[in-house]
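Down below is the structure, laid out as structure tokens.
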Amino acid sequence: MPEARFHPRIAQIPATDWDALRPDANPFVSHAFLHALEDSGCIRPGWGWQAHHLGLYEHGQLRAAAPLYLKGNSHGEFVFDWSWAAAWERAGGDYYPKLLCGVPYSPITGPRLLAGGDAGLQRALVEAMRGEAGRLQLSSVHANFLLADEADAFGADWLARSDVQFHWRNRGWRDFDDFLAALNHKKRANIRHERARVAASGLRMAWREGATLTDAEWNEVHALYLATFDAKGNHAALTPAFFRRLGGMAQLALAHDADGIAAMALFLEGDGVLYGRYWGSRVDAPGLHFELCYYRGIEHALARGLRCFEPGAQGEHKLARGFLPVRTHSRHLLLHEGFRTAVREALHGESAAMDSYADECMAHSPYASR
């Protein structure tokens, strides 16, 4: 049997060994991305994050791995279990810390059980997580935004949850006008109107590779991200150093005015998918958010021949702009059997509600031919 080791820093695992286990080029589970989060001060126990990465070793060689964290709260996960925590603590227990298999601050579906496609090693990773939770006397283990083919590694005592995101799929359109032609008349006219308003704003648009930005420009980009999070009362956990560390991994849609970068949307790309991540603006221009975060991303995906564009979590407004509902999946092990049974019953109703919501969204597809 492989030996399970837990690492408080991903730097303890060689990047080449970790990345060799990834089944695809999803950038969010790359060693570089996870290391940048840790090395730039985004992962802190005071913010509820402590790296606890899992590696399975045979004869000293890394055979499988999983991005793992001890969590002191439920911030930055996007699979919400606040009600579970409240119920557990009302009963006199300590819900935190818990064990999370996932990617910090990133509601992105991707590989979580890095085992080179070996189903036996995937199951061994899951059992190692369970064993570690028992050893540390934790309340629970959570695996968020799994790939569909990883679900079989989790036993029947792991609770299944699903949510809805809105993704754009490339149907082989030649360009943006070809994409628009696939929409119904009302949605097509609305998008053209939104883009015309932005074009008339006087802002200058540009698509930039992250590696071409100067330090001063990265500081402007981060300041926009920070101000936007603060304005919404959210905790901006990503540091200026992290933004700069993204470097060549990132691409940005920028809007400029006479004072510099007025608004930005930041993207990552990998395995034929464009991922929209962070947005910020210091100007109030109608339609600017849609232009930078959605339309510029669609144009880029079409130009690059990408198969999919995932703009982030939530947002029914994306439906009218060509993004259709898809399901995301997570698994949850609550170690107390009685509590697990109670939550399982509650999840039956939640699952039915998600099914109805996804069906209702699809009934309002913006495409002329469904």
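For the reader, a short list of remarks on this structure follows.
- Taken along the Cα-to-beta-carbon direction at a fixed 7 Å, the label points for Arg9 and Trp173 span 4.6 nm.
- Whole-Hz couplings from phi, Karplus 6.51/-1.76/1.60, listed for region 13-26; x for Gly and Pro: 10, x, 4, 5, 5, 5, 5, 5, 8, 5, x, 8, 9, 3
- Mean residue ellipticity at 222 nm, helices only, the chain: -10500 deg cm²/dmol; runs of at least 4 DSSP H residues each add -39,500 (n - 2.57), and the sum is divided by the number of residues.
- The Rg/Rh ratio for the chain, using Cα coordinates for both the radius of gyration and the Kirkwood hydrodynamic radius, is 0.98.
- In order along region 107-114, the phi-based Karplus estimate (6.51 cos²θ - 1.76 cosθ + 1.60, θ = phi - 60°) of 3J(HN,Hα) comes to x, 10, 5, x, x, 10, 10, 7 Hz; Gly and Pro are listed as x.
- Accessible surface of Glu350 - all protein chains present, 1.4 Å probe, nearest 10 Å²: 60
- Three-way shape label, region 142-269, alpha-carbon gyration tensor, a/c 1.5: oblate
- Positive-end ranking of Val103, Trp168, Phe145 along the dipole of the chain, with charges on Cβ about the Cα centre, is headed by Trp168.
- Model label points for Ala353 and Ala20, set 7 angstrom from Cα along the Cα-to-Cβ axis, are 4.7 nm apart.
- Using the Karplus relation 6.51 cos²θ - 1.76 cosθ + 1.60 with θ = phi - 60°, the per-residue 3J(HN,Hα) values for region 232-244 come to 9, x, 9, 7, 8, 8, 8, 8, x, 4, 5, 4, 5 Hz, with x marking Gly and Pro.
- Between Ala363 and Thr214, the contour length at 0.36 nm per residue exceeds the Cα-Cα span by 49.1 nm.
- Local electrostatic count at Gly116 - Lys and Arg +1, Asp and Glu -1, tallied over other residues with Cβ under 9 Å: +1
The values are calculated or read from the model by the stated rules, or taken from the named source; none is laboratory data. Everything numeric in this text was worked out from a predicted model, so none of it was measured. Cβ sites come from the backbone with ideal geometry, for glycine too, and all protein chains shown count toward neighbours. Surface areas here come from the heavy atoms of the whole protein model, side chains and all, with no ligands, DNA or RNA. Shrake-Rupley method; radii C 1.70, N 1.55, O 1.52, S 1.80 Å.
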